[in-house]
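No value in this document is a laboratory result; all are computed from the given coordinates. Remember, it's a predicted structure, so these values are computed and weren't measured experimentally. Counting neighbours? That spans all protein chains shown, and the Cβs are built from the backbone with ideal geometry, glycine included.
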Amino acid sequence: MPRAAGDTWDIVTSVGFTALAVCAARALDAALDPPLANDDFAAGFVAAAGEPNLAAAVANTDLSSAAAFNAQWVGVRTRFFDGFFARARVGQAVILAAGLDCRAYRLAWPPDCTVFEVDQPRVLEFKQQVLDQRGAQPSTRRVAIATDLRDDWAAALIEGGFDPGQPTAWALEGLLPYLPGAAQDALFEKLHELSAVGSHVAVELGPDPGEAKEFADSIPTISQLSAQPPVAQLWYDDARIDTKDWLTKQGWDVVGVDLVDKAANEYGRPFQGLPPVFDRLLRSKFFGATRTR
Ligand SMILES: C[S@@+](CC[C@H](N)C(=O)[O-])C[C@H]1O[C@@H](n2cnc3c(N)ncnc32)[C@H](O)[C@@H]1O
């Protein structure tokens, strides 16, 4: 098992590498028609990291490659979370496990909005370095919170200026399978506690245990092209509470999102050659919710 309690990483190792791989997929999305991620920062991060396999993946625009398949689903996923923030229109946003997400730079935010980005210290350090070299300026106030989401991240967030009295838009994209079940359950308890009525959350759930194995066996991902452990080996597949059910009981209005339908009918880019496990994950693992009481 390549994971352990309290493990840490940088941008080219373990879970940190998955942030770079997702970023490479966003860079490749630019070659698809139409592009959905619109992330002008992505290719620069891959180049700066100097990891040869991902650099080669981004240079190869053969649209039948494994990397290009990753670009299809990451592009659609990016578009879903972008649309979530565009609709949320609240005064603070929290991107949990932000990785190399540049929404604080790419998107138009409501006036006086603060975007908090939470991730491990060395991931955020690399990100800051590359953004600084490029002279990038965020499109709103951005606060990086370097902490571990298995620890007391809520205290670090509040110390960084987060206001639990104001509605928040939370994004959990590409995070949950990297957390043990108990840490995921605790994370949702904290998120609920910190959410004023009128808060929104957009979530990508992890695969169920059987699906994780199917994913590992049948899907080539960009990270499998490199020396890193295959992504599914970085996942936890232990028991966790039913998040949608739990949030509903706490007073959130939960709405499931089918990204296969959205890609075809809303985003104008139907999936090509979608393997069965991905079809299921993209149809059933995404949801949005609003706290109503
Ligand atoms: C697959 S990447 C997704 C990054 C980003 N959300 C995106 O979609 O581009 C997973 C991210 O989760 C972060 N992560 C996973 N477990 C974490 C933890 N316990 N504490 C802080 N960050 C964590 C990693 O550092 C990495 O940036």
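Computed across the stretch 132-243, the Kirkwood hydrodynamic radius from all distinct Cα-Cα pairs reaches 16.4 Å.
With each label modelled as a point 7 angstrom along the Cα→C-beta vector, the ASP10-ALA155 pair spans 2.8 nm.
Classification of the stretch 1-143 by its C-alpha gyration tensor yields an oblate form. The axis ratio a/c (a ≥ b ≥ c) is 1.5 or more, and b/c is at least a/b.
Cα-based values for the stretch 83-181, radius of gyration first and Dmax second, are 13.1, 39 Å.
Sort the stretch 171-293 into rounded, prolate or oblate with this rule: let a ≥ b ≥ c be the square roots of the eigenvalues of the Cα gyration tensor; rounded if a/c is under 1.5, and if a/c is not under 1.5, prolate when a/b is larger than b/c, oblate otherwise. Verdict is oblate for the stretch 171-293. Of all complete DSSP H helices in the chain, those with a Cα span along the helix axis of 24 Å or greater and a mean Kyte-Doolittle hydropathy of 0.0 or more are 66-88. The H on the amide N of GLN92, modeled in the peptide plane, is under 5 Å from the matching H of THR114, ALA169, each at least 5 residues off or on a different chain.
Projection of the Cα convex hull of the stretch 142-194, averaged over all directions and equal to a quarter of that hull's surface, yields 3.9 nm².
Quotient of the Cα radius of gyration of the stretch 82-135 and 2.2 N^0.38 Å, N being its number of residues: 1.17.
Legend: translational diffusion of the chain by Stokes-Einstein, Rh = Kirkwood radius over C-alpha pairs, 20 °C, 1.002 mPa s; D = 112 µm²/s. Percent of C-alpha pairs per 10 Å bin in the stretch 104-154, short distances first: 24, 48, 26, 2.
Rg/Rh, computed from the Cα trace of the stretch 1-64 with Rh as the Kirkwood radius, has the value 1.05. Considering only LEU96, LEU191, LEU205, give the residue with the highest GNM mean-square fluctuation for the chain, with springs between Cα atoms whenever their separation is below 10 Å. Checking each option, the largest mean-square fluctuation is seen for LEU191. Structure note, pairs LYS244/LYS285; LYS127/LYS244; LYS190/LYS249; LYS190/LYS213; LYS127/LYS190: Cα-Cα distances above 21 angstrom occur for LYS127/LYS244; LYS190/LYS213; LYS127/LYS190. Using alpha carbon centroids, what distance separates the stretch 131-209 and the stretch 5-77, in Å? Result: 22 Å between the Cα centres. In the chain, the DSSP-assigned H stretches of four residues or longer account for a calculated mean residue ellipticity at 222 nm of -13000 deg cm²/dmol, using -39500 (n - 2.57) per stretch and the full residue count as denominator.
Spin-label pair ASN265-LYS244: with each label point 7 Å from Cα along the Cα-Cβ axis, the two points sit 1.6 nm from one another. Compared with the direct C-alpha span, the chain from LYS213 to ASP185 gains 7.9 nm at full extension, assuming 0.36 nm per residue.
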